[in-house]
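Asks: Got a structure for you, questions after.
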């Protein structure tokens, strides 16, 4: 293992060995990635607006192919190099479901409820992935590059829904999205307990500062289940804030 290039190291291996090779949040490299992703989103949205319907479908299929390649190359790499950690890289993370939504839309077309989930669930999860990457991993590492590219595409796709496709925020969509998230979260919670994983960040806070606050406050009083419920309620609050912002924007555009 020691001979494996740092380019392929994963977070769990680095933390197990106690290596100090990570990069800082809002470091120069992190900020440059955020700037490049922002510029990429602007350029893509402009190109998407100019495209005809067939070209738009093709562009989405290209994104689906990239997402598929990124996700499964990651899984293959971990399975071969770090098989002991492979269970932690099964595509059961929330952002993996967002990637699956892109692939399914490329194959089967748009669904209203999934469009709503892009507003409330997948957009904030993509933004969190960009703003709070795993800082224990080196900056010049495959999994760091994967994080920025994968979550950058998720944010891009959400903005496609909001700007060119003009998906309207509805409170019914918010409730449906919350219900779907809950239905996914319950089995994920028990899978985490059985396999020692942390999908949906509902078993421990991982690298996310806000989740750490909930963990420190709720776990001593209510245990891990209390923490998981607190994370879901906080997510529901964020969904309501997003709905309120989009609702105001839509009202202003009508005027």
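The values are calculated or read from the model by the stated rules, or taken from the named source; none is laboratory data. The model shown is predicted, which means the values in this text are computed figures rather than measured ones. Here the Cβ positions follow ideal geometry from the backbone for every residue, glycine too, while neighbour counts run over all protein chains shown.
Asks: Tell me which of these residue 211 doesn't satisfy, since it passes every other one: (1) under 16 Å from the mean Cα position of the chain (by Cα); (2) closer than 22 Å to residue 78 by Cα; (3) surrounded by 14 or more Cβ atoms within 10 Å (Cβ to Cβ).
Replies: Looking at each condition in turn, residue 211 falls short on (2).
Asks: Failed condition for residue 206, given (1) surrounded by fewer than 16 Cβ atoms within 10 Å (Cβ to Cβ); (2) assigned to a helix (DSSP H, G or I), with all others met?
Replies: Looking at each condition in turn, residue 206 falls short on (2).
Condition check ((1) under 18 Å from residue 99 (Cβ atoms); (2) in contact with a strand residue (DSSP E or B) (Cβ under 9 Å, 6 or more places away or on another chain); (3) crowded, with 16+ Cβ neighbours inside 10 Å) across all residues:
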position: 128; (1), (2), (3): yes, no, yes
position: 133; (1), (2), (3): yes, no, yes
position: 137; (1), (2), (3): no, no, yes
position: 141; (1), (2), (3): no, no, yes
position: 147; (1), (2), (3): yes, no, yes
position: 159; (1), (2), (3): yes, no, yes
position: 167; (1), (2), (3): no, no, yes
position: 176; (1), (2), (3): no, no, yes
position: 179; (1), (2), (3): no, no, no
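Asks: Has segment 143-166 got any residue that is without any contact (Cβ under 8 Å) to a residue 60 or more places away in the chain and farther than 23 Å from residue 65 by Cβ?
Replies: Yes, segment 143-166 contains at least one residue that is without any contact (Cβ under 8 Å) to a residue 60 or more places away in the chain and farther than 23 Å from residue 65 by Cβ.
Asks: Given the residues 122, 97, which is the only one that is in contact with a helix residue (DSSP H, G or I) (Cβ under 6 Å, 6 or more places away or on another chain), touching a residue at least 12 places away in the same chain (Cβ under 8 Å) and buried (at least 17 other Cβ atoms within 10 Å of the Cβ)?
Replies: 122
Asks: Going by the structure shown, is residue 51 closer than 17 Å to residue 161 by Cα, without any contact (Cβ under 8 Å) to a residue 60 or more places away in the chain and crowded, with 16+ Cβ neighbours inside 10 Å?
Replies: no
Asks: Can I ask one more? For segment 1-10, what are the residues that are surrounded by 13 or more Cβ atoms within 10 Å (Cβ to Cβ) and modelled with pLDDT under 90?
Replies: 6
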